[in-house]
Amino acid sequence: MSRTMKAALLYGPRDVRVIDVPKPTIGPWEVLVKVKICMTSGTTVKQYARGYPGRGYPHGFGYEWAGEIVEVGEGVDESLIGKKCISLAPEYACNNCFFCIRGQSNLCAQTGHALDKVRCEVDEPEKGKVSGYFKEYTKEKISELYILPEHLHIDDACQIPYVAYAIHGHRILRINPGDYVACVGAGAMGVIQLILAHLKGAKTIAIDVNEDRLDFAKKVGAADFVIKAKNAHEAKMALKDLNINDGWGPDIVIEAVGLPQTYEEAVELVRRGGQVLLYGGIPEGTKVTFDTYRLHYDEIAIFGSSGVTMEDVIRARNLVEWGIIKPNIFITDRFPLIKIKEALELHLQGKGIKFAIIP
């Protein structure tokens, strides 16, 4: 067996290179996993396009993955060789701080926000230390893996963490049967948000500038209504034409793009007494402008959403395992690892929903 493997690392904005690095060596209670699939996502594309502030290059990336155990360390049952698996704990927490003991482990005081965790990762590719999962092999602690049931395909399983992030945002909101839920942004995350709203008995509206994504949201049954609009004014006029809540607008608006203008648009579109979830990640220091009169007198509730807790992950796992949510619908195409740049560029240009990278 070769002692090296291929891994994709970022060397700067839109500069991704597939290089040879040493294959990981496992120790007690660890396993070597052959990565079978890793998905592009909104987060990985943003990281590809602009990097993570405060984190140096080069570094690995990609977090929606599934693989097959090919080697086990001391203390690990050999019968696990050949089993498919994923990481069931995409984020780590101390489970002992002020936030963790209150069920907010995604805000852990010891390990920090998701962005802080990424900043702290230091890759050493020459030593085989490469973060992320756009690579051929990974070393994992057996205690942090979930062995997949036979019926669950890796195309669905690898996206369980992605579903979990959406669930975390939904658990912050109060969505009731009969509500109207609009999502600004009809990419994969926006579609998952709408699917979850449907499960709670809501009518859903997808808003985007990309007609292909709107068609996709309608085709998979995520959106009851679709609106092509390039700004809040156009979206507002379309909502009035649909007579949503007698013309007052949606009960809940979810922002799933991550731009200052879409943050502002979400607040403009929601009805009086409504809720807004600002989900899309946005660079640190970005400023937005809201009409404080409207926030105060119209009683607009605004929430942020970052990371996941283990409860979110377990709920996502159940929904995917039971076949209620089937994330494989988001796979537009598949690319070998050596063509990862082509896949990332297509995703960045909005020419697909998500792309599967096969190391």
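The values are calculated or read from the model by the stated rules, or taken from the named source; none is laboratory data. As the structure is a computational prediction, the values presented were derived from the model and not from experiment. Note that we place each Cβ from the backbone using ideal geometry, even for glycine, and neighbour counts take in every protein chain shown.
Worth a mention:
- Residues in the stretch 175-221 that are of a type in the set (Asp, Glu) and free of Cβ contacts under 8 Å to residues at least 12 places away in the same chain: Asp215 alone.
- Among the conditions (1) part of a loop (DSSP other than H, G, I, E, B); (2) touching a helix residue (DSSP H, G or I) at 6+ places or on another chain (Cβ under 7 Å), the only one that Phe303 does not satisfy is (1).
- Residue match in the stretch 241-256 (condition: in contact with a Ser or Thr (Cβ under 8 Å, 6 or more places away or on another chain), touching a residue at least 12 places away in the same chain (Cβ under 8 Å) and hydrophobic (A, V, I, L, M, F, W, C)): no
- Within the stretch 264-277, the residues that satisfy the criterion of being touching a Gly at 6+ places or on another chain (Cβ under 8 Å) and surrounded by 22 or more Cβ atoms within 10 Å (Cβ to Cβ) are Leu269, Val270, Gly274, Leu277.
- Enumeration of residues in the stretch 188-231 that are of a type in the set (Gly, Ala, Ser) and under 18 Å from Val276 (Cβ atoms): Gly190, Ala197, Ala202, Ala206, Ala229
Here's the yes/no breakdown for (1) modelled with pLDDT under 90; (2) hydrophobic (A, V, I, L, M, F, W, C); (3) outside the structural domain of Gly27 (by TED's automatic domain parsing); (4) assigned to a loop (DSSP other than H, G, I, E, B):
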residue	(1), (2), (3), (4)
Ile86	no, yes, no, no
Phe98	no, yes, no, yes
Gly112	yes, no, no, yes
Val122	yes, yes, no, yes
Tyr133	no, no, no, yes
Glu140	no, no, no, no
Tyr146	no, no, no, no
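- Residue satisfying condition, being β-branched (Val, Ile, Thr), more than 18 Å from Leu259 (Cα to Cα) and outside any strand (DSSP E or B), within set Val288, Val308: Val308
- Just one residue in the set Ile331, Ile338 is under 30 Å from Asp20 (Cα atoms), loosely packed, with under 14 Cβ neighbours inside 10 Å and touching a residue at least 12 places away in the same chain (Cβ under 8 Å); that residue is Ile338.
- Among the numbered conditions (1) at pLDDT 95 or above; (2) farther than 20 Å from Cys183 by Cα, the only one that Glu284 does not meet is (1).
- Looking across Thr332, Thr289, one residue alone is polar (S, T, N, Q) and modelled with pLDDT under 95. It is Thr289.
Results for (1) within 22 Å of the chain's Cα centre (by Cα); (2) modelled with pLDDT of 95 or more; (3) in a helix (DSSP H, G or I); (4) closer than 22 Å to Tyr165 by Cβ, shown as yes or no for each residue.
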residue: Ile192; (1), (2), (3), (4): yes, yes, yes, yes
residue: Ile195; (1), (2), (3), (4): yes, yes, yes, yes
residue: His198; (1), (2), (3), (4): yes, yes, yes, yes
residue: Thr204; (1), (2), (3), (4): yes, yes, no, yes
residue: Ile207; (1), (2), (3), (4): yes, yes, no, yes
residue: Ala217; (1), (2), (3), (4): yes, yes, yes, yes
residue: Ala223; (1), (2), (3), (4): yes, yes, no, yes
residue: Lys230; (1), (2), (3), (4): no, no, no, no
residue: Ala235; (1), (2), (3), (4): no, yes, yes, no
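- When the stretch 10-48 is filtered for residues that are in contact with a Lys or Arg (Cβ under 9 Å, 6 or more places away or on another chain), small (Gly, Ala, Ser) and closer than 17 Å to Ser131 by Cβ, only Ser41 remains.
- Residue within the stretch 62-70 that is more than 15 Å from the chain's Cα centre (by Cα) and surrounded by fewer than 19 Cβ atoms within 10 Å (Cβ to Cβ) present: yes
- All positions within the stretch 311-330 that are farther than 26 Å from Gly352 by Cβ and not in a helix (DSSP H, G or I): Trp322
- Some residue of the stretch 306-324 being in contact with a Gly (Cβ under 9 Å, 6 or more places away or on another chain), free of Cβ contacts under 8 Å to residues at least 60 places away in the same chain and more than 19 Å from Ile195 (Cα to Cα): no
- Picking from residues in the stretch 307-319 that are out of contact with any Phe, Trp or Tyr (no Cβ under 9 Å at 6 or more places or on another chain) and not hydrophobic (A, V, I, L, M, F, W, C), the one that is surrounded by the most Cβ atoms within 10 Å (Cβ to Cβ) is Thr309.
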